Each structure stands twice: as C-alpha cells, then as structure tokens.
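Undergrad: Sending over a structure as structure tokens; questions will come in a sec.
The values are calculated or read from the model by the stated rules, or taken from the named source; none is laboratory data. Computed from a prediction, not measured in an experiment: that's the story for all the values here. So basically every Cβ, Gly included, is an ideal-geometry build from the backbone, and we count neighbours across all protein chains shown. Ligands, DNA and RNA are excluded from the accessible area calculation, which covers all protein heavy atoms including side chains. Shrake-Rupley method; radii C 1.70, N 1.55, O 1.52, S 1.80 Å.
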Amino acid sequence: MSWLLIVDDNEMFRKIFRSSLMQHLDTIDIREAGSAEKALAEILDAPPFLIFVDIQLPKENGLQLTRKIKHLYPKIIVVVCTTFDSNEYRKAAHRAGADYFVSKSAIEVKELIKLIQSHF
C-alpha cells in the first residue's frame, strides 16, 4: 500500500492534519513522526511516495532532513510545510531539495489533496 509521512514536532498539528487528509485519501496510509530521527527510521524499510516536513524540528531541522531524504531517496516528493512563510525560507527549502513549500497558515486541504493525488 502506498503511504505518506507527516513530520512535525507538534503532535496536535500532526493529528489534525492527518485526520483532514484521511477524510479524502482513504486508500493511502498516512503515518506520523515527531522528529527527523523518527522520520528516517520510519522510511528505511519502505519509503513513502511523499513526505510533509516542518522546518522546526528537535535536534535536526526540517531542511537538514529534506537534504538527507533527497540524497537517500531522490524520488520521494518532499513538501516543506511550516509557519515560517518567507522568501528566505522558501529559497532555503528549494536549495535543500524540497519539491513544494506550503505555509501552515494558508493550508488548503483541497489543494493538498490534488497535489498528493498528482503524485500517487
């Protein structure tokens, strides 16, 4: 079964985001990780097709995680999803290898569903 991963240290955000996606994506397994370390452990055996990554993570930030993911698994689609919506962060996410950048304050679930389905 295809799956995607939400990586965010805010458990409440992860749960709400996951629930919102699950209402529209019943054929995709949606998993969660609260840190870069847990995310990397989660994807080792069978990589997901898409990962949502927050920039602010404990120990290792989301940009560092994005670099690692893209180095190890270049075909995984990485969506940086953060409250830090600035051109500086957008450029940094792009340099790290992110395929998309989404501001948490401007999340539109319907648009994200289209994005996910376009890569599923």
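Undergrad: Just checking, does the stretch 56-73 include any residue being touching a Lys or Arg at 6+ places or on another chain (Cβ under 7 Å) and not hydrophobic (A, V, I, L, M, F, W, C)?
TA: no
Undergrad: May I ask you to verify whether ILE30 is open to solvent by less than 10 Å² (accessible area, probe 1.4 Å), in contact (Cβ under 8 Å) with a residue 40 or more places away in the chain and either part of a strand (DSSP E or B) or within 14 Å of VAL78 (Cα to Cα) (or both)?
TA: Judged against the criteria, ILE30 is not a match.
Undergrad: Inspect all residues belonging to the stretch 69-90 and state whether any of them is on the phi > 0 side of the Ramachandran plot and surrounded by fewer than 17 Cβ atoms within 10 Å (Cβ to Cβ).
TA: no
Undergrad: Here's something else I'd like to know. Being open to solvent by 50 Å² or more (accessible area, probe 1.4 Å) and in a loop (DSSP other than H, G, I, E, B) is the filter here; which residues of the stretch 33-45 pass it?
TA: Those that are open to solvent by 50 Å² or more (accessible area, probe 1.4 Å) and in a loop (DSSP other than H, G, I, E, B): LEU44, ASP45.
Undergrad: Pairs only if they're at least six apart or on different chains, beta carbon under 8 angstrom, first in the stretch 49-76 and under 15 Å from ARG14 (Cα atoms), second part of a strand (DSSP E or B) and of a type in the set (S, T, N, Q); list them, first residue then second.
TA: Cβ pairs passing all conditions: ASP54/THR82; ILE55/THR82; GLN56/THR82; GLY62/THR82.
Undergrad: Let me ask something else about it. Within the stretch 46-59, identify whether any single residue is open to solvent by less than 50 Å² (accessible area, probe 1.4 Å), of a type in the set (Asp, Glu), modelled with pLDDT of 95 or more and part of a loop (DSSP other than H, G, I, E, B), and answer yes or no.
TA: yes
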